Amino acid sequence: MSKRHALNHAQAQMLWNPQQDETVLWQGKPDALVLARTAFRARIVAGYFLALTALALVFGGGTGAIFMLLAGLATLAILHGLAYLSARTTTYLLTDRRVILHIGMAIEKTINLPLRQIGAAHLSEKGGGYGEIALEPAAEHTLGYALLWPHARPWRYARPQPMLRAVPAAASVAEKLAGAVAAHQPIERSAVPGKTPQPARPRGGDAPVEGALA
(Lines give C-alpha, C1' and ligand atoms only; values in the text may rest on other atoms or scores of the structure.)
Protein backbone atom coordinates (compact mmCIF):
# COMPACT_ATOMS: atom_id res chain seq x y z
CA MET A 1 0.00 0.00 0.00
CA SER A 2 1.53 3.29 -1.03
CA LYS A 3 1.84 6.21 1.34
CA ARG A 4 0.12 9.51 0.60
CA HIS A 5 2.15 12.69 0.48
CA ALA A 6 1.01 16.28 0.28
CA LEU A 7 1.37 17.70 -3.22
CA ASN A 8 2.55 21.18 -4.06
CA HIS A 9 0.75 23.19 -6.74
CA ALA A 10 3.13 22.18 -9.56
CA GLN A 11 2.85 18.48 -8.72
CA ALA A 12 -0.92 18.73 -8.49
CA GLN A 13 -1.16 20.40 -11.90
CA MET A 14 1.05 17.69 -13.42
CA LEU A 15 -1.08 14.91 -11.95
CA TRP A 16 -4.50 16.41 -12.54
CA ASN A 17 -4.11 17.90 -16.04
CA PRO A 18 -2.71 16.59 -19.34
CA GLN A 19 0.82 17.79 -20.03
CA GLN A 20 2.14 19.37 -23.22
CA ASP A 21 3.77 16.13 -24.35
CA GLU A 22 0.64 14.13 -23.51
CA THR A 23 -2.01 13.41 -26.16
CA VAL A 24 -5.69 13.57 -25.21
CA LEU A 25 -7.42 10.68 -27.00
CA TRP A 26 -10.93 11.28 -25.66
CA GLN A 27 -12.79 13.57 -23.28
CA GLY A 28 -16.38 13.28 -22.14
CA LYS A 29 -19.04 13.59 -19.45
CA PRO A 30 -21.81 11.32 -18.20
CA ASP A 31 -25.31 11.82 -19.58
CA ALA A 32 -27.47 13.04 -16.67
CA LEU A 33 -30.61 11.07 -17.60
CA VAL A 34 -28.70 7.84 -18.18
CA LEU A 35 -26.76 8.44 -14.95
CA ALA A 36 -30.04 8.83 -13.05
CA ARG A 37 -31.31 5.56 -14.49
CA THR A 38 -28.16 3.50 -13.99
CA ALA A 39 -26.24 4.87 -10.99
CA PHE A 40 -29.14 6.35 -9.00
CA ARG A 41 -31.65 3.62 -9.95
CA ALA A 42 -34.39 6.12 -10.79
CA ARG A 43 -36.52 3.58 -12.67
CA ILE A 44 -36.44 1.10 -9.80
CA VAL A 45 -37.39 3.84 -7.35
CA ALA A 46 -40.20 4.96 -9.65
CA GLY A 47 -41.55 1.42 -9.85
CA TYR A 48 -41.36 1.07 -6.08
CA PHE A 49 -43.41 4.20 -5.46
CA LEU A 50 -45.90 3.28 -8.18
CA ALA A 51 -46.45 -0.05 -6.42
CA LEU A 52 -46.92 1.74 -3.09
CA THR A 53 -49.34 4.17 -4.72
CA ALA A 54 -51.35 1.32 -6.18
CA LEU A 55 -51.49 -0.48 -2.83
CA ALA A 56 -52.50 2.72 -1.05
CA LEU A 57 -55.23 3.32 -3.64
CA VAL A 58 -56.62 -0.21 -3.20
CA PHE A 59 -56.42 -0.49 0.58
CA GLY A 60 -56.22 3.05 1.91
CA GLY A 61 -58.15 5.30 -0.43
CA GLY A 62 -57.23 8.37 -2.44
CA THR A 63 -55.46 10.35 0.30
CA GLY A 64 -52.78 7.73 0.90
CA ALA A 65 -52.31 7.21 -2.83
CA ILE A 66 -51.80 10.94 -3.41
CA PHE A 67 -49.30 11.10 -0.53
CA MET A 68 -47.29 8.18 -1.96
CA LEU A 69 -47.39 9.68 -5.44
CA LEU A 70 -46.11 13.04 -4.21
CA ALA A 71 -43.41 11.32 -2.11
CA GLY A 72 -42.31 9.39 -5.17
CA LEU A 73 -42.16 12.50 -7.35
CA ALA A 74 -40.12 14.31 -4.70
CA THR A 75 -37.70 11.40 -4.41
CA LEU A 76 -37.28 11.18 -8.18
CA ALA A 77 -36.67 14.93 -8.35
CA ILE A 78 -33.90 14.57 -5.78
CA LEU A 79 -32.31 11.64 -7.61
CA HIS A 80 -32.41 13.42 -10.96
CA GLY A 81 -31.03 16.56 -9.33
CA LEU A 82 -28.11 14.58 -7.89
CA ALA A 83 -27.52 12.93 -11.26
CA TYR A 84 -27.51 16.31 -13.02
CA LEU A 85 -25.09 17.74 -10.46
CA SER A 86 -22.84 14.71 -10.69
CA ALA A 87 -22.78 14.84 -14.50
CA ARG A 88 -22.12 18.57 -14.49
CA THR A 89 -19.15 18.28 -12.11
CA THR A 90 -17.60 15.25 -13.84
CA THR A 91 -15.08 15.12 -16.66
CA TYR A 92 -13.42 11.97 -17.96
CA LEU A 93 -10.17 12.18 -19.92
CA LEU A 94 -8.24 9.47 -21.72
CA THR A 95 -4.69 10.28 -22.75
CA ASP A 96 -1.89 8.17 -24.17
CA ARG A 97 -0.56 7.75 -20.61
CA ARG A 98 -3.49 7.63 -18.19
CA VAL A 99 -7.17 7.97 -17.42
CA ILE A 100 -8.13 11.07 -15.45
CA LEU A 101 -11.44 11.37 -13.60
CA HIS A 102 -12.39 14.84 -12.38
CA ILE A 103 -15.27 14.10 -10.00
CA GLY A 104 -16.95 15.40 -6.85
CA MET A 105 -20.31 17.08 -6.25
CA ALA A 106 -19.31 18.72 -2.96
CA ILE A 107 -15.51 18.47 -2.95
CA GLU A 108 -13.62 18.33 -6.24
CA LYS A 109 -11.45 15.24 -6.55
CA THR A 110 -9.22 13.96 -9.32
CA ILE A 111 -8.33 10.32 -9.88
CA ASN A 112 -5.18 9.71 -11.90
CA LEU A 113 -4.92 6.12 -13.19
CA PRO A 114 -1.82 5.26 -15.28
CA LEU A 115 -2.62 3.07 -18.29
CA ARG A 116 0.06 0.55 -17.38
CA GLN A 117 -1.80 -0.06 -14.11
CA ILE A 118 -5.09 -1.01 -15.82
CA GLY A 119 -5.30 -4.80 -15.86
CA ALA A 120 -8.77 -5.13 -17.41
CA ALA A 121 -11.64 -3.04 -18.74
CA HIS A 122 -15.28 -4.13 -18.52
CA LEU A 123 -17.89 -2.58 -20.81
CA SER A 124 -21.57 -2.70 -19.86
CA GLU A 125 -23.94 -1.33 -22.52
CA LYS A 126 -27.01 0.56 -21.27
CA GLY A 127 -28.88 1.21 -24.52
CA GLY A 128 -28.82 4.01 -27.05
CA GLY A 129 -25.05 3.72 -27.43
CA TYR A 130 -24.49 4.63 -23.79
CA GLY A 131 -22.53 2.42 -21.47
CA GLU A 132 -20.30 2.05 -18.44
CA ILE A 133 -16.61 1.12 -18.51
CA ALA A 134 -15.14 -0.29 -15.31
CA LEU A 135 -11.37 -0.01 -14.94
CA GLU A 136 -9.81 -2.85 -12.97
CA PRO A 137 -6.44 -1.80 -11.49
CA ALA A 138 -3.70 -4.38 -11.85
CA ALA A 139 -2.04 -3.47 -8.55
CA GLU A 140 -2.98 -2.56 -5.00
CA HIS A 141 -4.32 0.97 -4.56
CA THR A 142 -5.71 3.30 -1.93
CA LEU A 143 -8.88 4.34 -3.73
CA GLY A 144 -11.96 3.95 -1.53
CA TYR A 145 -15.45 3.07 -2.75
CA ALA A 146 -17.02 6.08 -1.02
CA LEU A 147 -14.40 8.34 -2.60
CA LEU A 148 -15.23 7.10 -6.09
CA TRP A 149 -19.04 6.77 -5.86
CA PRO A 150 -21.02 7.05 -8.07
CA HIS A 151 -18.04 6.53 -10.40
CA ALA A 152 -17.35 3.07 -8.98
CA ARG A 153 -18.28 -0.40 -10.20
CA PRO A 154 -21.17 -1.70 -8.07
CA TRP A 155 -20.51 -4.31 -5.37
CA ARG A 156 -16.71 -4.10 -5.60
CA TYR A 157 -16.11 -2.87 -2.06
CA ALA A 158 -12.92 -4.77 -1.15
CA ARG A 159 -11.06 -3.65 -4.29
CA PRO A 160 -12.99 -0.69 -5.74
CA GLN A 161 -12.83 -0.18 -9.48
CA PRO A 162 -13.18 3.29 -11.03
CA MET A 163 -15.97 3.41 -13.60
CA LEU A 164 -16.75 5.77 -16.47
CA ARG A 165 -20.51 6.16 -16.08
CA ALA A 166 -23.23 6.87 -18.66
CA VAL A 167 -20.68 7.44 -21.42
CA PRO A 168 -21.99 8.17 -24.95
CA ALA A 169 -20.61 5.98 -27.76
CA ALA A 170 -19.29 3.70 -25.04
CA ALA A 171 -18.14 0.90 -27.38
CA SER A 172 -15.98 3.36 -29.31
CA VAL A 173 -14.52 4.77 -26.09
CA ALA A 174 -13.78 1.24 -24.88
CA GLU A 175 -11.89 0.52 -28.10
CA LYS A 176 -9.85 3.70 -27.72
CA LEU A 177 -9.07 2.77 -24.13
CA ALA A 178 -8.06 -0.77 -25.09
CA GLY A 179 -5.78 0.54 -27.83
CA ALA A 180 -4.15 3.06 -25.51
CA VAL A 181 -3.55 0.48 -22.78
CA ALA A 182 -2.27 -2.08 -25.30
CA ALA A 183 0.50 0.36 -26.19
CA HIS A 184 1.79 -0.17 -22.63
CA GLN A 185 0.72 -3.78 -21.95
CA PRO A 186 -1.89 -6.35 -23.01
CA ILE A 187 -5.31 -5.72 -21.47
CA GLU A 188 -8.19 -8.04 -20.73
CA ARG A 189 -11.35 -6.77 -22.39
CA SER A 190 -14.89 -7.99 -21.76
CA ALA A 191 -18.25 -7.29 -23.40
CA VAL A 192 -16.71 -5.48 -26.39
CA PRO A 193 -18.35 -6.94 -29.52
CA GLY A 194 -16.05 -8.72 -31.96
CA LYS A 195 -13.07 -8.86 -29.62
CA THR A 196 -11.55 -11.84 -27.84
CA PRO A 197 -10.38 -11.06 -24.31
CA GLN A 198 -6.64 -11.26 -23.76
CA PRO A 199 -4.97 -12.08 -20.44
CA ALA A 200 -3.62 -9.04 -18.66
CA ARG A 201 0.03 -8.93 -17.69
CA PRO A 202 0.40 -6.52 -14.79
CA ARG A 203 3.62 -4.58 -14.64
CA GLY A 204 5.15 -2.56 -11.89
CA GLY A 205 4.88 1.18 -11.81
CA ASP A 206 2.91 4.01 -10.35
CA ALA A 207 -0.21 3.21 -8.39
CA PRO A 208 -3.44 5.18 -8.93
CA VAL A 209 -3.23 8.63 -7.41
CA GLU A 210 -6.09 10.54 -5.78
CA GLY A 211 -6.16 14.18 -4.95
CA ALA A 212 -8.75 16.65 -3.71
CA LEU A 213 -9.22 20.35 -4.22
CA ALA A 214 -11.26 22.02 -1.49
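The values are calculated or read from the model by the stated rules, or taken from the named source; none is laboratory data. Keep in mind the model is a prediction, meaning the values are calculated, not measured. All Cβ positions, glycine included, derive from the backbone under ideal geometry; neighbour counts span all protein chains shown.
With respect to I111, is the statement that it is outside any loop (DSSP other than H, G, I, E, B), modelled with pLDDT under 95 and closer than 24 Å to N17 by Cβ true? Yes.
For (1) basic (K, R); (2) in contact (Cβ under 8 Å) with a residue 60 or more places away in the chain; (3) crowded, with 17+ Cβ neighbours inside 10 Å, each residue gets a yes or a no:
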{"residue": "R97", "(1), (2), (3)": "yes, yes, yes"}
{"residue": "M105", "(1), (2), (3)": "no, no, no"}
{"residue": "E108", "(1), (2), (3)": "no, yes, no"}
{"residue": "L115", "(1), (2), (3)": "no, yes, yes"}
{"residue": "K126", "(1), (2), (3)": "yes, yes, yes"}
{"residue": "E132", "(1), (2), (3)": "no, yes, yes"}
{"residue": "E140", "(1), (2), (3)": "no, yes, no"}
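Within the set Y48, Y92, the sole residue that is in a strand (DSSP E or B), of a type in the set (F, W, Y) and either closer than 30 Å to A182 by Cα or not assigned by TED's automatic domain parsing to the domain that holds G131 (or both) turns out to be Y92. The residues of the range 114-157 that are aliphatic (A, V, I, L, M), at pLDDT 90 or above and not in a strand (DSSP E or B), listed by number, are L115, L148. If you scan the range 87-100, which residues turn out to be under 25 Å from A120 (Cα atoms) and polar (S, T, N, Q)? Correct list: T90, T91, T95. Residues in the range 165-185 that are within 21 Å of A152 (Cβ to Cβ) and in a loop (DSSP other than H, G, I, E, B): P168 only.
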